[in-house]
């Protein structure tokens, strides 16, 4: 597994591996546009963003050099989708046995970080914005400290919720 | 622009380019896990997924070989997030002037396909599922035919909507 760092969990009964490594496909390349700074490391990371919100500890994005003009028009209180790269995940696990399921489940039926392209996404809210310093505060996130950021987009209910869904929002 | 195909739109007043090409960063590599088949090409593509839904024409995903086990546990009617690669976009446009805005807006404040990492995402609903053939029907999407797929995940309101947002309509 070319891009797994740290401990690789053992394969459990019912789990299946791809017989190739998606990391070697090289169909397209990503640029890391920043770094997500969080209080979390393996071992003390909240299980999901709901738990991270309950923990009441904010997080921060440090944008990489050159990207600050991309923030023009964003504002504090705005909800955004973050896309980030789970660089401690494995990419060849196509069927998984998380502790909470009874039968093997496909990777595309799970939000597990282990997936052919370990791109995670979460809807967060901007709490502070300093374009000159390339710093963006966010309300909460459940990823490890130093996770690479690959994109940030305005959260739009018309695109980011499925047809037939209506939301009541208390957004700024 | 190493990975732009077809027409590259001209730069408009107020737009800014990065002085480097994110396509050359190579911080991580993506594997294309399938292809999105749609009725749309440049020129007749709906402006957004809302318009695509109104058009009433479904779409389909053809999974690449080897990934079918990843579908285990998904079901018809389930909402999923698709992540896909806007391979006709440019990656160095950091401040943009879409026709509907009055002042230049940062790329991270827009859903434009032109962005350092052109990963698009939409919440769609599964309408048919044939794991043996690696085929997944979806209700609607507004991307060009043959757009490469990079991920599919269950849509989860707890992760995919910002804090303070509540659902009022139940899903199938």
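Using only C-alpha positions, report the orientation-averaged shadow area of the convex hull of the protein assembly as shown, nm², one decimal.
Result: 16.7 nm².
When chain B is treated as a GNM, springs tying every alpha-carbon pair under 10 Å, which of B:131, B:154, B:162 comes out with the largest mean-square fluctuation?
B:162
Given a cut-off of under 8 Å on Cα pairs at least six residues apart, what relative contact order in percent is computed for segment B:30-156?
Relative CO of segment B:30-156 lands at 43 percent.
When chain B is modelled as a GNM with alpha-carbon springs shorter than 10 Å, which of B:114, B:48, B:87 fluctuates the most?
The residue that fluctuates most here is B:48.
Based on DSSP H runs of at least 4 residues, each adding -39500 (n - 2.57), what is the mean residue ellipticity at 222 nm of chain B after dividing by all its residues, to the nearest 500 deg cm²/dmol?
Calculated at 222 nm, the ellipticity per residue is -1500 deg cm²/dmol.
Beyond 30 Å, how much of the Cα-Cα pair distribution for chain B remains, as a whole percent?
So the pairs more than 30 Å apart make up 23 percent of the total in chain B.
In nm, give the distance between the simple-model label positions of residue A:102 and residue A:48, each being 7 Å from the Cα along the Cα-to-Cβ direction.
That separation, rounded to one decimal, is 1.9 nm.
Would you work out the relative contact order for segment A:31-88, in percent, from Cα pairs under 8 angstrom that are 6 or more residues apart?
42
Between residue A:21 and residue A:166, what FRET efficiency follows from the Cβ-Cβ distance if R0 is 45 Å, with the result rounded to 0.05?
It comes out at approximately 0.60.
Could you identify which residue out of B:50, B:14, B:26 has the top mean-square fluctuation in a GNM of chain B using Cα springs shorter than 10 Å?
Judging by the Gaussian network model, the answer is B:26.
Read-outs throughout are calculated quantities, based only on the coordinates presented, and are distinct from any laboratory measurement. Owing to the predicted nature of the structure, the values given are computational and were not obtained by experimental measurement. Here Cβ is always computed from backbone atoms with ideal geometry, including for glycine, and neighbour counts include all displayed protein chains.
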